[in-house]
Amino acid sequence: MISLPEASLLALFLETLFYGVFFTCYWLTLGILLKKYGIQRDLLLPVATLLLCIATAHLIIDFVRALEAFVLNVDTIGADAYYSNLASPLGLAKTALYVTQPTVADSVLVWRCYVLNNRSLLVGIPGCIVLLANGAIGYYIVWCLSRTVAGTSIYTTIPGLITTFYILTMLISIVCTTHDDQDMTALISWRIWRSRRSISGGSADLLPVMIVIVEGGAIYATSVLALLLAFLTGSNGEYPAMDIGPPVVGIVFCLIILQVHFCVGNNPQPHSPSKSFTNLFGEQGEQNVGYGIEQMIEETDRSV
């Protein structure tokens, strides 16, 4: 089995790799959002920037920890003992950032799904409850880790709560996909498919829906599933799976904005209703994958 220092180095490498992808996607997204106006710019741009800041802080902390473990403290406590200290300030800080990143993204997700579904309380209230519960569990885990003593294993420290946090995170990601435009994948995909079907007179192309599902839900849900399985099996592979979480959240957030803007996999709709979805991320004529998101933004702008 991979050792803790080896897992930590692998985690740093993978996190750096995914951070580079996120950084690139962020600047592409920034160029798009700066040309927009209203809620598109006022909400999505600060959220994307905040996600980048959190991912950057998380990566910096991991670099500092690696420097301390393998260079500065290698002759005193050693890398294995260093990474085994669950109550270290830097370790607690990165865990808190890991909890914060999906919480920020999911809060936008829940809000947007609520607006998209005609401000239905049946969507908004359960989403808020799950989101708040998951955030509370995550920060409580951080507090519990701060109370641990040297030599304590993560697998024996409130494993039930940690498992619950991972499951709820994955649940939000699947049912209400945590990203970019924070489109709840299942619900928004349904709205996109239904709108496209009504416009096309009964037939609907499933490709845009599948793109939203893959880009919005599958990427992050898969990473959380890998993290959950690694934790349940007691594998140190949990650390690489956890450390790629912050940049992956940002990547998926940006992917949906970029996908909608560039109309990947869409077919133009020559006839659209007067209050269609055409003014969200693209110009008039941009197509169906963005429809569900665009309608939500249009409705929000009218209500502000």
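Overview of results
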read-out	value
For peptides 149-158, 87-96, 116-125, 48-57, sequence by mean Cβ density within 10 Å, most packed first	48-57, 87-96, 116-125, 149-158
Rg/Rh ratio calculated on Cα atoms of segment 63-118 (Kirkwood radius)	1.34
For segment 69-181: relative contact order, % (alpha-carbon pairs under 8 angstrom, 6 or more apart)	38
Rounded, prolate or oblate (a/c below 1.5 giving rounded, otherwise prolate when a/b exceeds b/c) for segment 36-136 by Cα gyration tensor	oblate
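Just so you know, all these numbers are worked out from the coordinates, no wet-lab data involved. The model shown is predicted, which means the values in this text are computed figures rather than measured ones. Using ideal geometry, Cβ is built from the backbone for each residue, glycine included, and neighbour counts are taken over all protein chains shown.
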